[in-house]
1. Would you say residue B:83 is charged (D, E, K, R) and touching a Pro at 6+ places or on another chain (Cβ under 8 Å)?
2. Where residues in region B:159-185 are hydrophobic (A, V, I, L, M, F, W, C) and under 19 Å from residue B:308 (Cα atoms), which of them is surrounded by the fewest Cβ atoms within 10 Å (Cβ to Cβ)?
3. Only one of B:203, B:261, B:225 is of a type outside the set (A, V, I, L, M), in contact with a Pro (Cβ under 8 Å, 6 or more places away or on another chain) and outside the structural domain of residue B:293 (by TED's automatic domain parsing). Can you tell me which?
4. Residues of region A:126-158 being touching a residue at least 12 places away in the same chain (Cβ under 8 Å) and of a type in the set (D, E, K, R), which ones?
5. In region B:267-282, what residues are surrounded by fewer than 18 Cβ atoms within 10 Å (Cβ to Cβ) and not basic (Lys, Arg)?
6. Taking the conditions exactly as written (assigned by TED's automatic domain parsing to the domain that holds residue B:296, aromatic (Phe, Trp, Tyr) and in contact with a helix residue (DSSP H, G or I) (Cβ under 9 Å, 6 or more places away or on another chain)), does residue B:136 satisfy them or not?
7. Mind listing just one residue for me: the one in region A:163-198 that is of a type in the set (D, E, K, R) and touching a residue at least 12 places away in the same chain (Cβ under 8 Å) and, of those, surrounded by the most Cβ atoms within 10 Å (Cβ to Cβ)?
8. For region B:258-372, which helices (runs of 4 or more DSSP H) that fit wholly inside it have 3 or more residues that are of a type in the set (Val, Ile, Thr)?
Amino acid sequence: MKNEFQVIAELIEKDKKVLDVGCGDGTLMEFLKNNKKTNIRGLEISKNKVQECIAKGLTVIEGNAEKDLTQFPDKSFDYVVLSQTLQAFLNPELVINELLRVGKKAIVTIPNFGYWRIRLHLLLKGTMPITKTLPDEWYNTPNIHMCSIKDFFHFVKSRNIKIFKSLAINNQNASIINDSNLTIKNFFADLGIFLIEK
Amino acid sequence: MNTENNIKTLIVKKPLKLDCGKTINEFPIAYETYGSLNKKKDNAILVFHALTGDQFVTGLNPVTKKDGWWSYAVGPDKAIDTKKYFVICANVIGGCMGSFGPSHEDPNTGTAFGTNFPVITINDMVNAQYNLLDHFGIDKLFSIAGGSMGGMQVLQFISNFPDKAKTVIPIACTSSHSAQNIAFNELGRQAIAADSNWKNGNYSSEDTIPNKGLAVARMAAHITYLSKKGLQEKFGRKLQEREDLKFGFDADFQIESYLRYQGSVFVDRFDANSYLYITRAMDYFDLAKQFKGNLSDAFRATRAKFFIISFTSDWLYPTQENKDIVIALNSIGADVGFVEIESDKGHDSFLLDVPDFLNALKNFLDKSYIEN
């Protein structure tokens, strides 16, 4: 169980209706279902991953978040979760808008491109950074819209999206991000978790 | 055709008012069961057959002496595990394997109904089959499942009886027959009508049945059940037991021979009038229309768990039409899962050995049964 998923689970109260967008093999869904008794659904683009979810008894719809979120009515879920997938979309802004339309609240996690190891990699090696959270080469990465914690923080504020909670994850530790420590968190965290609402 | 041997029949005493306005009484529903009903009566699965299927889902069909139509999916340890579940399947009304249909005798004339049989709908079919629940004393089915026209019956059943099934599995189907679907069915019907033996449906003796028309109908339909890629890979331009083209109209190509064979074996087991009636029922199917154009309303009253399955190469009931059902369910917050299975076997994929499909079906059922 990833620390990220534990932090996400702590943000969600019991007995809520949750949609996990890009649910993968259903690890987070299973955890939430068992520990939070959530009524949880998943949306996943990969046929193999959908099959894995079905084998776990999870309710998953095969589909593409950029096209298929439109079928869900406004505010039909208490929470919509998007874990480390935002950077892979052609149009991340559209997806964020859809998450906030479908969910009363959205939880978005992003691999932080402002993380010091990434900065150092580019500074010293002069090649596209490869880390544990971003393991792919530039030519085969699905991540086409990388951003830093600071970028995302500024983005949501500029769109009048309300941030309930923002957390920086570094080495299994989670800490609160606010306006005053943003620059430091943006340097030391490899992952950002945002609970937002519009 | 109808053979009385080995056919279990329930005579429905309760009158059934059909969509066409007529009422039928004391009519037979032919059915078969597999596995056994447990004490709690919570392990029953009602399976619905497609256009040319029948109640003999798996094992040896005692009438045709061939494997049941869903032998890959249903049986001991299979996706629908008959060691665990009690599987019921009925021949649809309008059919020709023992249920009330056009080959039955019209008491007013003493001859077969033929085209005097009332036009039936998918709605009529499921209303007739609902009587089997009372017959077995089942309050709630664990699941209802079916592909193609079977899937349409699944959708209609849960719409009519929202609290009578816990899980709902429509496969490779649609909520409304498209113009293309109707067009292919009309082609089949016209082939039958063009056979001089058809005589407006008043054929009776064995040697004057419209075999040729029915065979052509089957050949045309069979093409729609396969994919272009599947056909190309299986047959390509391979020749049938000959070195070169014969410059005539015999079956030079294997695909021709294959289709002719499919047509010829079909007429031995199917009634031409039933083909007309059942294709008509499919064409009339438009679930949204029953709810003033809002498909979601068809499912608003149910709390059942849906699992919808489509196939990549199915161009008869393509993924998008299956997805439209998913969308209608999502828009009312229903519990719905969906997967599109990769297969080049076309619409027939649901009947064949497609492991991804069979695994998904098995996992969904078994996991849902544990949570039950």
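The values are calculated or read from the model by the stated rules, or taken from the named source; none is laboratory data. Note that the structure is predicted; figures quoted are calculated from it, not measured. Please note: Cβ atoms are built from the backbone with ideal geometry, for glycine as well, and neighbour counts cover all protein chains shown.
1. Taking the combined requirement at face value, the residue satisfies it.
2. B:161
3. B:203
4. Answer for region A:126-158, where residues must be touching a residue at least 12 places away in the same chain (Cβ under 8 Å) and of a type in the set (D, E, K, R): A:132, A:150, A:151.
5. Hit for region B:267-282 is B:268, nothing else.
6. No, not satisfied.
7. Here the answer is A:185.
8. Answer list for region B:258-372: B:319-330.
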